[in-house]
Amino acid sequence: LVTYACEIFSVPISLITILDRDRQWFKAVRGLEIRETSRELAFCNYPVAGGSRVIVGDISCDKRFASNALAKEAGIRFYAGVPLALEPGVHAGTFCILDTKPRRLSKIELATLDRLAHIAEALIKQFVQARDLRELSGEVSSKNLLLAHQNAELQVQRQLLEDACRLANMGAWERDLRTGEYRWSDNLYELHEVGRDFEVTDDTIRQFYNDEEWARLTKTVEEAYRNNT
């Protein structure tokens, strides 16, 4: 884009600039050896602050730029900059052209400069979106990996519990306090001599407990409800 701008406008310098708190750096540059300046030397402060195109036909006659060290060092006499909005109302840099002699831009040239700036703005937004998507994909992958690791550990723990229950001729169960649903270990089905299709409910399992055991079980479940544990 900056190469095209130099050719289209017959200027020696074209830049895509980004501003941070203390500096101006060049995302793309044609015609300058340097790649960044201090913020105080940035011509682009003005279009970024105002949110609109700034044209300076002769820098030596403009109080804002006449004493600028960069303008003097590079012999810059002309500046035209269009602010780049990364978000609505948020301008972070410019697309600009510079010349070593004073000049004016026609309406057609101004429209062309605006179009090039629009392309630069779209490319930067696309880059930001691609970066954010890449980071999000990395986060999702990391979370999926962690979840898979946790599931694997849970399966190992359940298998160890099953093995321990089988060796001790015991079974394990749990109950979802929200739904009331029971989940039995494999060994518990074997101990009660029922198939895996056995419907586990309060009514169906009452037969496996004497009155004292059932009262203790009921009390345990009620306490779990009260304490949310």
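Worth pointing out:
- Within segment 190-207, residues that are in contact (Cβ under 8 Å) with a residue 12 or more places away in the chain have Cβ atoms under 8 Å from residues that are of a type in the set (Lys, Arg) and open to solvent by 40 Å² or more (accessible area, probe 1.4 Å) in these pairs: Val200/Arg183, counting only partners at least 6 apart in sequence or on another chain.
- In segment 126-135, the count of residues that are more than 15 Å from Pro47 (Cβ to Cβ), in contact (Cβ under 8 Å) with a residue 24 or more places away in the chain and either open to solvent by less than 30 Å² (accessible area, probe 1.4 Å) or not hydroxyl-bearing (Ser, Thr, Tyr) (or both) is one or more.
- Any hit, segment 138-151, residues being modelled with pLDDT of 80 or more, open to solvent by less than 90 Å² (accessible area, probe 1.4 Å) and more than 27 Å from Asn68 (Cβ to Cβ): no
- Residues that are among the basic types (Lys, Arg) and within 15 Å of Gly81 (Cβ to Cβ), drawn from segment 114-141: Arg115
- Considering only residues in segment 208-221 that are within 18 Å of Asp176 (Cβ to Cβ) and without any contact (Cβ under 8 Å) to a residue 40 or more places away in the chain, the one that is surrounded by the most Cβ atoms within 10 Å (Cβ to Cβ) turns out to be Leu217.
The values are calculated or read from the model by the stated rules, or taken from the named source; none is laboratory data. Everything numeric here is computed off the predicted structure, so don't read it as measured data. Using ideal geometry, Cβ is built from the backbone for each residue, glycine included, and neighbour counts are taken over all protein chains shown. Side chains included, ligands, DNA and RNA excluded: accessible areas come from the protein's heavy atoms. Shrake-Rupley method; radii C 1.70, N 1.55, O 1.52, S 1.80 Å.
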